[in-house]
Amino acid sequence: MSIRTKLLRCALYTRKSSEEGLEQEFNSLDAQREACEAYVKSQAHEGWRPIETHYDDGGYSGGSMERPGLQHLMADIAAGKVDIVVVYKIDRLTRSLPDFARMVELFDKHEVSFVSVTQSFNTTSSMGRLTLNVLLSFAQFEREVTGERIRDKIAASKAKGMWMGGMLPLGYDLPKDKSRTLVLNETEAATVRLIFNRYLELSSVHTLRDWLSTEGITSKQWTSSKGKPVGGHAFSRGALYHLLRNETYLGYIRHKGTLYEADHPPIISKELFDKVQSALDAGSNRHAKARDKRSRAPLTGRLFDANGEAMSPSTATGKHGRKYRYYVSSSLLKGSKPKTSSDQGGTIIQRISADALEGEVTQLIARLVPTRTSDAMTLASRIEVHRGAIHFVLPKSECRGLESRLTNGETIKPHPGDVDSVLLLAPIRMRNRRGRTEITSGQQTSKPNRDPILINALRRAHAMVEQDTSRLPICRTSPPTQYARRLIRLAFLAPDLQKKIMDGTQPKQMNLEDLLKDPIPINWDEQRAMFEHG
């Protein structure tokens, strides 16, 4: 009598820190995946089977968890689609002990094992987990000790007046010998003196910036050690502040608040430098008083639009002198174009009334988490404003019993990248009409099942197509990875199917895993038949 072996679904994760070589037909990611597939094949008698979905991160550091392939893997683990995670080496998964601890917690929660092919580690046993933690602890200790040695060397060198690298200031060039002394550039030094004297005449950094732009005076242009051109751009307000405050022009080098006499010659006299500092301090005091008159913006730093752009506080003055507060996307503040122009069938919300939004957020959080009524707006670590909903990232520890208080189509789900957080989707719809923000709470029946992962995949597919079309003709260049080649097919779905994905009215058969796994017909009618009746 034969015993049937349980099938174990193996997710193969690959990563490469730099993008160098990824354009090759067989690159490092392919080599890692091939080794992982061979290892899984050797365990076929144990029921191991590789998952066809590719979890690849090319050009991403292992020191952060903000990687699309890893986020996709974590989401599939949370969805119960993975039994074993297989990597070539441990550092392909992460180089951070805290991140690894969070991953292991997620693995244990969903009974997922972790295997390193070349290091023979397996977290299915307590000894394997101990060995992994010890190894990562020593790796992190080595990185920290190396960092301390480098910092001590830099501090000692700067105390001797040596230039230890960084952005090269206007007025100086790098030494051509092996010394650490900046070389005076007489032409640029004259420009630095002109900027200092001109500021004293204008008494405004904004006006100085505009004048420099008109005169065609730009920041320092130089070539890095890697041969990459740097600088040569029009001065920004922040760059001018830094230049006018820079003690390097007095012949000093600053390190952690302490000034050291440097070996390079000064460009600005002490008298001129002190006059400029006094003028800058006076201007800062004026701006501080103006800021004090503005209403506090409690969502600053945690509010983002549908593109993921930060929304910053802004004010406007009405006809009768009344102040109006807004949150505005960074691209709109800079006057540049947003990454995408539409969200859920309408334009991206890039400007929203602060009073209206803060009131809605306070009311929602106070109802769902009564224990945080007094500081409701500080609970969410991230808030994303979409046209048809607001997405909140909330601490899991504060959300016990929250499900029983959900109403009007509100949903809560595990956060795909943070086991200590949850994602709350509140169907709060917004639109701007004649300068006013209209906010309506409640679920839209036309958009009941929006899948953020599927929508994001569709947008990425269109972004790849647009990138190809800029090189013309389309599809002459193939996407660099197998996962990208599967993903780009979403851009060629029938327009009505794509609209259903954005609206959240797509058939249940349309999920990202099946779309990437199964071939998609080219004919739109065949696509409709496949998903409507499949």
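Numerical summary
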item	result
Selected residue (criterion: surrounded by the most Cβ atoms within 10 Å (Cβ to Cβ)) from residues of segment 210-252 that are outside any loop (DSSP other than H, G, I, E, B) and among the charged types (D, E, K, R)	GLU247
Residue match in segment 88-98 (condition: in contact with a Cys (Cβ under 7 Å, 6 or more places away or on another chain) and over 21 Å from LEU454 (Cβ atoms))	yes
Selected residue [under 19 Å from the mean Cα position of the chain (by Cα) and among the β-branched types (Val, Ile, Thr)] from VAL369, VAL328, VAL361	VAL328
Segment 166-204: number of residues that are among the β-branched types (Val, Ile, Thr), out of contact with any Gly (no Cβ under 7 Å at 6 or more places or on another chain), assigned to a helix (DSSP H, G or I) and touching a residue at least 60 places away in the same chain (Cβ under 8 Å)	0
Residue within segment 474-487 that is open to solvent by 60 Å² or more (accessible area, probe 1.4 Å), at pLDDT below 75 and among the hydrophobic types (A, V, I, L, M, F, W, C) present	yes
Only one of GLU201, GLU188 that is of a type in the set (Asp, Glu) and open to solvent by 50 Å² or more (accessible area, probe 1.4 Å)	GLU201
Flag if MET1 is modelled with pLDDT of 90 or more, outside any strand (DSSP E or B) and farther than 21 Å from ASP518 by Cα	no
Matching option when the condition is at pLDDT 85 or above, open to solvent by 10 Å² or more (accessible area, probe 1.4 Å) and in contact with a Leu (Cβ under 6 Å, 6 or more places away or on another chain), among ALA380, ALA389	ALA389
Checklist (1) open to solvent by 30 Å² or more (accessible area, probe 1.4 Å); (2) modelled with pLDDT of 90 or more applied to LEU303, failing item	(1)
Set TYR55, TYR60: member being under 21 Å from ILE453 (Cβ atoms) and in contact with a His (Cβ under 7 Å, 6 or more places away or on another chain)	TYR55
Residue count, segment 35-79 (criterion: open to solvent by less than 30 Å² (accessible area, probe 1.4 Å) and either among the hydroxyl-bearing types (Ser, Thr, Tyr) or assigned to a loop (DSSP other than H, G, I, E, B) (or both))	9
Leading residue by the ranking (modelled with the highest pLDDT) among those in segment 341-360 that are open to solvent by 50 Å² or more (accessible area, probe 1.4 Å) and not in a strand (DSSP E or B)	ASP355
Condition met for ARG245 (modelled with pLDDT of 85 or more and basic (Lys, Arg))	yes
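The values are calculated or read from the model by the stated rules, or taken from the named source; none is laboratory data. These numbers come from a predicted model, not from an experiment. For neighbour counting, all protein chains shown are included, and Cβ atoms are generated from backbone atoms with ideal geometry for every residue, glycine included. Calculation scope for accessible area: heavy atoms of the full protein, side chains included, ligands and nucleic acids excluded. Shrake-Rupley method; radii C 1.70, N 1.55, O 1.52, S 1.80 Å.
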